[in-house]
Amino acid sequence: AYLNKRHRREHPEHDVLASRMENYELAFRMQAEVPSVVDLSGETKQTLSDYGLDEPETRTFGKQCLMARRLVEKGVRFVQIFSGGWDSHDYLQRGHAARIKSVDKPIATLISDLKQRGMLDETLVIWTGEFGRTPDNNHRGGVYAIGRGHNVDAMTMLMAGGGVKKGTIVGATDEIGASAVEHKHPIRDLHVTLLHLLGLDDNKLTYFHGGRFKQLSQFGGEVIKEVIA
């Protein structure tokens, strides 16, 4: 670090090199923090149990949720965790029942834990996928499987904390869950809403590409006002 600072003083014109040094130093600081973040020995037995680490069905995703909380506590600004196995083209009831059980308790605990620690108001939690499931049996391989296909016409997501209005439901599907029929929003409206919750204006936050300035939402969008506290 000393040699890097000395080099920057003697060669202030080397902006690219200075930027690379800063990136290396940031990478080192991040790695130096990792051991304390992944060490769960300081967590109480009650906390580990609340996240489901003492149950085989919830242990994997529960640990992810607990790690997410610890990363946020350390000041990490973006954390992504993942739950797989939801692509139930076959055996929907068996597959989804197990997946729901694996995430329900950990998600609830993460939100309540963030709230208890006074962190939820400044942490935006988003639980979502990329599409919904069709209401009919999925036609696959020439036979009807007891599953569901991909549905781009209706999906559900959950948001909590970070300026989101509590207990609010926005939109609805038809009676069989095939299509959204109320308060329909394209995905760019979601992007604009997330930027708004982060204190950013999609109309002003642009980048230059292909000879013109572009918005992160590509074509602009509307803030979903119903979810704003």
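Worth a mention:
- Exposure proxy for D121, D189: other Cβ atoms within 10 Å of each Cβ, ordered fewest to most, give D121, D189.
- Average silhouette area of the chain, convex hull of alpha-carbon atoms, in square nanometres: 18.6
- Between the amide H of R133 and those of N151, distances stay under 5 Å, these residues lying 5 or more places away or on another chain, with hydrogens modeled in the peptide plane.
- Charge sum, other residues only, whose C-beta stays under 12 Å from G62's C-beta, Lys/Arg counted +1 and Asp/Glu -1: -2
- Test item: Cα-centred dipole of the stretch 185-229, Lys/Arg +1 and Asp/Glu -1 on Cβ, debye: 220
- Lysine pair count for the stretch 78-216 [Cα-Cα under 20 Å; pairs on different chains or 8 or more apart]: 7
- Cβ-derived FRET efficiency at R0 35 Å, N137 paired with S41, nearest 0.05: 0.15
- For the chain, the 222 nm mean residue ellipticity estimated from helices alone, with every DSSP H stretch of n ≥ 4 adding -39500 (n - 2.57) and the total spread over all residues, rounds to -13000 deg cm²/dmol.
- Taking a point 7 Å out from the Cα of L205 in the direction of its Cβ, the residues of the stretch 156-196 whose backbone N falls within less than 12 Å of it are 191-196.
- Ranking of D39, D113 by count of other Cβ atoms within 10 Å, fewest first: D39, D113
- Averaged over residues, the count of other Cβ atoms within 10 Å places the peptides 49-57, 167-175 in the sequence 49-57, 167-175, highest first.
Bear in mind that the values in this text are calculations on the coordinates, not laboratory data. For clarity, every value in this text was computed on a predicted model and none was experimentally measured. Every residue, glycine among them, receives a Cβ derived from its backbone with ideal geometry; neighbour counts consider all protein chains shown.
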